[in-house]
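Inspection log for the structure reproduced underneath, given as structure tokens.
The values are calculated or read from the model by the stated rules, or taken from the named source; none is laboratory data. Please read all numbers here as calculations on a predicted model, not as lab measurements. Here the Cβ is made from the backbone with ideal geometry for all residues, glycine too, and neighbour counts use every protein chain on show.
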Amino acid sequence: MSFPQQSTREASAGPSRGQGRSRPAWTVGMSRFAGILMIIIGVFNAVEGIVALFRNEVYVTGREYVFTFDLTTWGWVHLLIGVLVAGAGAAVLSGQLWGRIIGIVLATLSALANFLFIPYYPGWSLLIIGLNICVIWALCVVGRDAAAS
């Protein structure tokens, strides 16, 4: 008994777009990774903001930089970004497309805010920037097909 040969392209193509295509497992994993990481980053940013508001002697100010703001201002900025990033992370975990889009925008803003905060706390800021880059990558790699299903 012989079977007709299928080309590699046909075998891997799966069902066509309108036939109830299931979401690949790795995209679910990447969405969950991004959502959980966003909640963690949001908590980290909020803690960073609360410390800047109430215990600002933790941060050491060195030389004068171009982007010099009062630590109270930085506290409110990080607190606000932290709450928004954590909320967008919850939306990503619930599978909302708008959560992914807002998550990319907020992770970019969080990375930018932490870049500007480097003079006050360089190690922590660089860690948060790296985590934000991971979130942006994870939200972008999921693709359009995962959002459609």
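Take the residues in the stretch 97-107 that are crowded, with 16+ Cβ neighbours inside 10 Å and farther than 10 Å from Ile136 by Cα; name whichever of them is modelled with the lowest pLDDT.
Step by step, filter the stretch 97-107, then rank; the result is Gly99.
Test Trp124 against the criterion of being out of contact with any Leu (no Cβ under 9 Å at 6 or more places or on another chain), loosely packed, with under 15 Cβ neighbours inside 10 Å and of a type in the set (Phe, Trp, Tyr), and give yes or no.
On the way: out of contact with any Leu (no Cβ under 9 Å at 6 or more places or on another chain): yes; loosely packed, with under 15 Cβ neighbours inside 10 Å: no; of a type in the set (Phe, Trp, Tyr): yes.
Here the answer is no, as Trp124 does not meet what is asked.
Hey, any hits in the stretch 116-134 for a residue that's in contact with a helix residue (DSSP H, G or I) (Cβ under 6 Å, 6 or more places away or on another chain), assigned to a helix (DSSP H, G or I) and farther than 13 Å from Phe44 by Cβ? Explain how you work it out, then say what you get.
Narrowing the stretch 116-134 to residues in contact with a helix residue (DSSP H, G or I) (Cβ under 6 Å, 6 or more places away or on another chain): 117-118, 125, 128-129, 131-132.
Filter once more, so that each one left must be assigned to a helix (DSSP H, G or I): 125, 128-129, 131-132.
Now drop any that are not farther than 13 Å from Phe44 by Cβ, which leaves none.
No, because not a single residue in the stretch 116-134 is in contact with a helix residue (DSSP H, G or I) (Cβ under 6 Å, 6 or more places away or on another chain), assigned to a helix (DSSP H, G or I) and farther than 13 Å from Phe44 by Cβ.
Can you tell me which of (1) closer than 30 Å to Cys140 by Cα; (2) at pLDDT 65 or above; (3) assigned to a loop (DSSP other than H, G, I, E, B) is the one Gly87 doesn't meet?
Only one criterion is unmet by Gly87, namely (3).
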